[in-house]
Amino acid sequence: MSERGQLWHGRFEGGPSEALQALNDSLPFDQRMFREDIAGSRAHVQMLADVGLLEEAERDGILAALDTAEEEIAGGTFAFAESDEDIHTAVERRVTELEPAGAKMHTGRSRNDQVATDVRLWTLSAIDEVLDLVARLQGTLLAQAEAAGDAYLPGYTHLQQAQPVALAHHLLAHGWGLARDADRLRDARRRTDVSALGAGALAGSSLPLDPAKTAEYLGFGAVFDNSLDAVADRDFVAETLFALALLGVHLSRIGEELILWASTEFGFVELDDAFSTGSSMMPQKKNPDIAELARGKAGRLVGHLTGFLTTLKGLPLTYNKDMQEDKEPLFDAVDTVRLTLLALDGMISSATFRTDRMAGQADSPYAAATDLAEWLVARGMPFRQAHAVVGEQVRKALAGEGALHELVAAHPDLGTEAAALLAPGVSVSRRTTHGGGSPEAVAAQLERFRATLA
Ligand code: ARG
């Protein structure tokens, strides 16, 4: 019999085929959870001693062996064996080599409750790390918004110039999207923070295990209610993948705007050389690759979510090996989001906004058309009529019948007071309502955003 199949060798005559091993082994990717796996074993072993299933000396021997295994893996000296199917079997094998009582470590435990617990622990710290990076990007947007002062640019709908807005307003709009992402991650975190240890393979145990104790040792906020659900549930992975995918979609929208703004045609932003790339052929090029990758990476994040939901779909209770497919998308999604957040943060914090170019575009007299209509409304004209009056002046101006401000000044319902609204910088200052785009309204919004971040 080969070295393989040691875990279940009692039932088997022959060893596993190479094809099975190649498909089945998760060690290449799940060794990344070695710290979580060892933490889970420590808690389990403590609990086994607490309930009298291990002698104190056995417990201490196993704990010491777990320390050694952890140091070896962290230091790169751990000798993985051919028989190590996953991180759980590798650690258990090594602990048993170092300490004969290691053969008792898996008492009352299955890899099914073990792996669910490990992935939960890993996800909790991954979420915390992503939350820190999201807060950092929000802080950068806030700093740029504060630095923007009263600068303004055209706001867009349909990518057509609509109404001027403060640059700070525009930057904070992305900040609020990120605030919802952080909220979603915290929400997913709450449901991740549940221990599955003690569920056994699926049905609990005939031994006097204490799942609440292991949950407490591991610092979990809660313990599973149903052993079948505990080993079958990967909702927390799907939820985290969703929160990361939507975060990625938000980053892609920020990326797309930076790409547009960095173009010669817009010229709204100058990117720092350290966060731009050149062309191997065209000497004049400066490319916004980070922003493009922020846009592109969203595709794979959405793919991880849909792929994993498809994996889960139709799985009967309880654990099925399909669920081993949770780790690669989860790990990659976290890695992808981490890199994207860091790079985008650097790109935005080092960017220079060309507020002269922005104002030049925002001061187009047509951008104030809505202000003219609202000016008429304030003087008693029904909005539909006001819209038509102003629309007619715009049409005439576009047809070459005169400059808009002249047409407005000459109009009996409008006149010179209304024409003054078309002067540079006037329009943006007028939308002072709650959450609006004027610098005055933005000052209050900045306060709210700072409070959300704190
Ligand atoms: N490597 C497996 C996974 O990641 C561990 C659980 C295996 N359980 C089992 N009964 N084969 O899901």
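Where the second residue is open to solvent by less than 50 Å² (accessible area, probe 1.4 Å) and the first is free of Cβ contacts under 8 Å to residues at least 12 places away in the same chain and lies in region 358-382, which pairs have Cβ atoms under 6 Å and are six or more apart or on separate chains? The qualifying pairs are 377/386.
Any idea which of 85, 92, 99 is open to solvent by 10 Å² or more (accessible area, probe 1.4 Å) and either within 16 Å of the ligand (Cβ to nearest atom) or over 30 Å from residue 36 (Cα atoms) (or both)? Give the derivation first.
Values: 85 fails: open to solvent by 10 Å² or more (accessible area, probe 1.4 Å); 99 fails: either within 16 Å of the ligand (Cβ to nearest atom) or over 30 Å from residue 36 (Cα atoms) (or both).
After applying the criteria, what remains is 92.
Among the residues of region 343-360, those that are part of a helix (DSSP H, G or I) and surrounded by fewer than 17 Cβ atoms within 10 Å (Cβ to Cβ) comprise 346, 349, 356, 357, 360. Of all the numbered requirements in (1) assigned to a helix (DSSP H, G or I); (2) surrounded by fewer than 20 Cβ atoms within 10 Å (Cβ to Cβ); (3) at pLDDT 95 or above, residue 207 misses one, and that requirement is (1). Of the conditions (1) closer than 23 Å to residue 254 by Cα; (2) within 16 Å of the ligand (Cβ to nearest atom), residue 319 fails just one. Which one is it? For residue 319, the exception is condition (1).
Determine, yes or no, whether residue 180 is in contact with a His (Cβ under 9 Å, 6 or more places away or on another chain) and of a type in the set (Lys, Arg). Considered against the rule, which asks whether it is in contact with a His (Cβ under 9 Å, 6 or more places away or on another chain) and of a type in the set (Lys, Arg), residue 180 comes out as yes. Counting the residues of region 272-299 that are within 24 Å of the chain's Cα centre (by Cα), modelled with pLDDT of 90 or more and assigned to a loop (DSSP other than H, G, I, E, B) gives 1.
Let's see how each residue does on (1) under 25 Å from residue 297 (Cα atoms); (2) within 16 Å of the ligand (Cβ to nearest atom); (3) modelled with pLDDT of 95 or more:
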{"residue": "332", "(1), (2), (3)": "yes, yes, yes"}
{"residue": "338", "(1), (2), (3)": "yes, no, yes"}
{"residue": "356", "(1), (2), (3)": "no, no, yes"}
{"residue": "359", "(1), (2), (3)": "no, no, yes"}
{"residue": "371", "(1), (2), (3)": "no, no, no"}
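Which one is nearest to the ligand (Cβ to nearest atom), of the residues in region 113-138 that are open to solvent by 30 Å² or more (accessible area, probe 1.4 Å) and of a type outside the set (A, V, I, L, M)? Filtering first and then ranking leaves 125.
Restricted to region 290-316, and to residues that are of a type in the set (Val, Ile, Thr) and without any contact (Cβ under 8 Å) to a residue 40 or more places away in the chain, which residue is farthest from the ligand (Cβ to nearest atom)? Give the derivation first.
Residues of region 290-316 of a type in the set (Val, Ile, Thr): 290, 302, 306, 310-311.
Next, from what is left, pick out any that are without any contact (Cβ under 8 Å) to a residue 40 or more places away in the chain: 306, 310-311.
On the way: 306: 20, 310: 17, 311: 12 Å.
Once the filter is applied, the top-ranked residue is 306.
Residue pairs whose Cβ atoms lie under 9 Å apart, sitting 6 or more positions apart in sequence or on different chains, and linking a residue in region 196-208 that is within 17 Å of residue 119 (Cα to Cα) to a partner that is aromatic (Phe, Trp, Tyr) and more than 13 Å from the ligand (Cβ to nearest atom), are 196/224; 197/220; 197/224; 198/224; 199/224.
The values are calculated or read from the model by the stated rules, or taken from the named source; none is laboratory data. These figures come from a predicted structure and were not determined experimentally. For neighbour counting, all protein chains shown are included, and Cβ atoms are generated from backbone atoms with ideal geometry for every residue, glycine included. The area values use the complete protein model at the heavy-atom level, side chains included, leaving out ligands, DNA and RNA. Shrake-Rupley method; radii C 1.70, N 1.55, O 1.52, S 1.80 Å.
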